[in-house]
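The values are calculated or read from the model by the stated rules, or taken from the named source; none is laboratory data. In this text the structure is predicted, and so the values were computed from the model without any measurement. Glycine gets a Cβ as well: all are built from the backbone with ideal geometry, and neighbour counts include every protein chain shown.
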Amino acid sequence: MTKVKYIVILCLCAFQTSAQFNLEFHVGRGSYSNSELKKYQASLVGRFLVGGKVLESFPAFWYYGVDAKWNLPNSQVGFSVSQGSTGGQVYYADYSGTFREQQLLKYKTFRMLTAARFAFNEGSTSIQIDPRFGLAFATLQINRSISATDGTQPFEFKENSSFKAVNPFFEPTFSLSHRLGPIGINIFVGYQLDLASNIYRESTGRPFIFNGTGLPMNLSGLRTGGSIGFYLGRAKEIDFTPVYIGIGTGLDFGGIGLNVMSMVTEHLGLFGAVGYNLANIGLNGGVRLYASDQSAKWRPYFSAMYGYNAVYIIRDASTFNRTFYGATIGIGVDLKNSRSNFWTFALQVPFRSEDALEYKNYLEDSNIEINRDFLPFTISLGYRIVIAN
């Protein structure tokens with residue numbers, strides 16, 4: 001988490017520069033598909049606990065978080081962090097005892113904000129249309145208790161298990177904002193669509209098995225809410241190219257994919273990437289800090305990002321494929337080959353999580369052979385073009 005904090009600090013440093021910065025605190029209400037978890041509840045009642053009841057089945061509930069945004073002339077970029085929860089409960093009772101199972105679901109989401117911004121009412125009111133790609137980190141806590149008796153002696157049993165999963169998602173969002181001096185008020189509506197169905201697993205890598213297969217995570221659903229925030233700094237004219245799009249391969253392209261970067265100063269850019277890592281959707285978001293201005297032919301840079309940085313691809317056993325997320329830093333150079341377009345090269349060092357390294361032990365215990373270890377570095381190659389001036 002310390003590495004992630006450094007990335008956030010780099011982003012926040014930009015508010016003192018050319019782009020106007022605003023910090024917002026949001027509250028929203030989300031609905032959650034959790035289709036497979038609901039089937040799991042129905043299976044408990046229908047197959048094992050005939051006459052039992054589903055007391056709760058993952059209802060819509062509140063979530064909250066913070067947004068950091070930089071306002072450019074016709075766009076808005078930044079990031080958003082949220083956390084929320086929902087849950088389910090199954091109950092059964094008869095003359096011999098009771099059975100209760102609680103499914104408590106907590107999650108945190110990290111989103112990259114890249115909105116088109118349309119201002120009116122002399123600039124005090126604006127509409128934002130934002131695709132919002134991000135990552136959702138979920139923890140599913142299963143608490144099971146059984147109380148029974150044979151008529152002579154009582155019996156008590158309790159079991160607690162914890163499972164985790166991470167899904168990339170796409171959350172198209174429409175927002176309406178109004179500014180009152182240094183204070184901004186915003187309302188929004190969007191829909192989160194999970195781009196993958198990664199399986200809930202224990203820390204050892206063992207999956208949550210239901211009907212013979214792993215139970216997948218699915219937090220897709222409607223997101224509505226509002227926020228209040230504060231504007232810091234003044235809007236200034238900018239004389240640098242603000243938005244680029246690139247295609248390439250590497251961690252900063254999500255595997256093989258696209259990278260969109262918006263410059264908040266001439267030397268600092270925020271980027272988001274979505275791609276395919278040969279097993280799943282790969283997402284990454286972060287910052288680039290350039291050592292030279294945009295007129296230079298060679299532009300060395302330092303990058304820091306968070307997202308996909310490890311993947312296991314198991315041939316002929318795709319259910320064991322798994323993507324892991326963490327922080328990555330790197331150095332690179334942009335080589336301009338025309339007035340605004342350029343090639344980009346980078347050497348990147350991923351900080352892989354303990355879960356990513358321990359998953360190898362789980363695979364070996366499952367009689368799956370791993371032919372090679374992770375390299376300590378990766379290489380990125382891409383080509384970028386201007387999409388907004």
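Quick notes on this structure:
- Sole exception among (1) within 23 Å of PRO376 (Cβ to Cβ); (2) assigned to a strand (DSSP E or B) for VAL274, by number: (1)
- Hits in the stretch 128-178 (condition: in a strand (DSSP E or B) and among the small types (Gly, Ala, Ser)): GLY134, ALA136, ALA138, SER145, SER147, ALA148, SER161, SER162, ALA165, SER175, SER177
- Out of ALA136, ALA165, ALA148, sole residue that is hydrophobic (A, V, I, L, M, F, W, C), over 30 Å from MET217 (Cβ atoms) and either touching a strand residue (DSSP E or B) at 6+ places or on another chain (Cβ under 8 Å) or touching a residue at least 12 places away in the same chain (Cβ under 8 Å) (or both): ALA148
- In the stretch 362-389, residue modelled with the highest pLDDT [restricted to those that are over 24 Å from ARG288 (Cβ atoms) and loosely packed, with under 10 Cβ neighbours inside 10 Å]: ASN367
- Residues in the stretch 289-310 that are of a type outside the set (S, T, N, Q) and either within 13 Å of TYR359 (Cα to Cα) or surrounded by 16 or more Cβ atoms within 10 Å (Cβ to Cβ) (or both): LEU289, TYR290, ARG299, TYR301, ALA304, MET305, TYR306, GLY307, TYR308, ALA310.
For every residue, the table says whether it meets (1) part of a strand (DSSP E or B); (2) touching a residue at least 40 places away in the same chain (Cβ under 8 Å); (3) of a type in the set (A, V, I, L, M, F, W, C).
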residue	(1), (2), (3)
TYR325	yes, yes, no
ILE331	yes, no, yes
ASP334	yes, yes, no
VAL349	yes, no, yes
ASP355	no, yes, no
GLU358	no, yes, no
ASN367	no, no, no
LEU375	no, no, yes
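- Given (1) assigned to a strand (DSSP E or B); (2) touching a residue at least 60 places away in the same chain (Cβ under 8 Å); (3) not basic (Lys, Arg), number of the condition PHE302 does not satisfy: (2)
- Pairs linking a residue in the stretch 93-122 that is assigned to a loop (DSSP other than H, G, I, E, B) to a residue that is of a type outside the set (A, V, I, L, M, F, W, C), with Cβ atoms under 7 Å and 6 or more positions apart or on different chains, are SER96/THR149.
- Condition check for ASN186: surrounded by fewer than 14 Cβ atoms within 10 Å (Cβ to Cβ) and more than 16 Å from LEU135 (Cβ to Cβ): no
- Screening PHE25 with (1) closer than 30 Å to PRO242 by Cα; (2) within 21 Å of the chain's Cα centre (by Cα); (3) buried (at least 16 other Cβ atoms within 10 Å of the Cβ); (4) of a type outside the set (Asp, Glu) gives one miss only, at (3).
- ARG47 satisfies every condition listed in (1) surrounded by fewer than 16 Cβ atoms within 10 Å (Cβ to Cβ); (2) touching a Phe, Trp or Tyr at 6+ places or on another chain (Cβ under 7 Å); (3) at pLDDT below 95 except (2).
- Applying the set (1) without any contact (Cβ under 8 Å) to a residue 12 or more places away in the chain; (2) closer than 30 Å to PHE230 by Cβ; (3) among the small types (Gly, Ala, Ser) to GLY184 leaves exactly one unmet item: (1).
- In the stretch 69-103, the residues that are under 30 Å from PHE120 (Cβ atoms) and either of a type in the set (A, V, I, L, M, F, W, C) or surrounded by fewer than 16 Cβ atoms within 10 Å (Cβ to Cβ) (or both): TRP70, LEU72, PRO73, ASN74, VAL77, PHE79, VAL81
- If you go through the stretch 321-333 and keep only what is buried (at least 20 other Cβ atoms within 10 Å of the Cβ), under 19 Å from ASN361 (Cα atoms) and over 13 Å from the mean Cα position of the chain (by Cα), you end up with just ARG322.
- Taking the listed residues ILE256, ILE281, ILE245, ILE313, the one that is under 30 Å from TYR200 (Cα atoms), surrounded by fewer than 17 Cβ atoms within 10 Å (Cβ to Cβ) and modelled with pLDDT under 95 is ILE313, with no other qualifying.
- Number of residues in the stretch 277-299 that are within 13 Å of the chain's Cα centre (by Cα) and either assigned to a loop (DSSP other than H, G, I, E, B) or not small (Gly, Ala, Ser) (or both): the value is 3.
- Failed item in (1) in contact (Cβ under 8 Å) with a residue 24 or more places away in the chain; (2) more than 20 Å from PHE133 (Cβ to Cβ), with GLY84 passing the rest: (2)
- Conditions (1) more than 30 Å from THR328 (Cβ to Cβ); (2) in contact with a Ser or Thr (Cβ under 9 Å, 6 or more places away or on another chain); (3) modelled with pLDDT under 90; number of the one not met by LYS69: (1)
- Which listed residue is within 14 Å of the chain's Cα centre (by Cα), modelled with pLDDT of 90 or more and among the charged types (D, E, K, R), from ARG132, ARG144: ARG132
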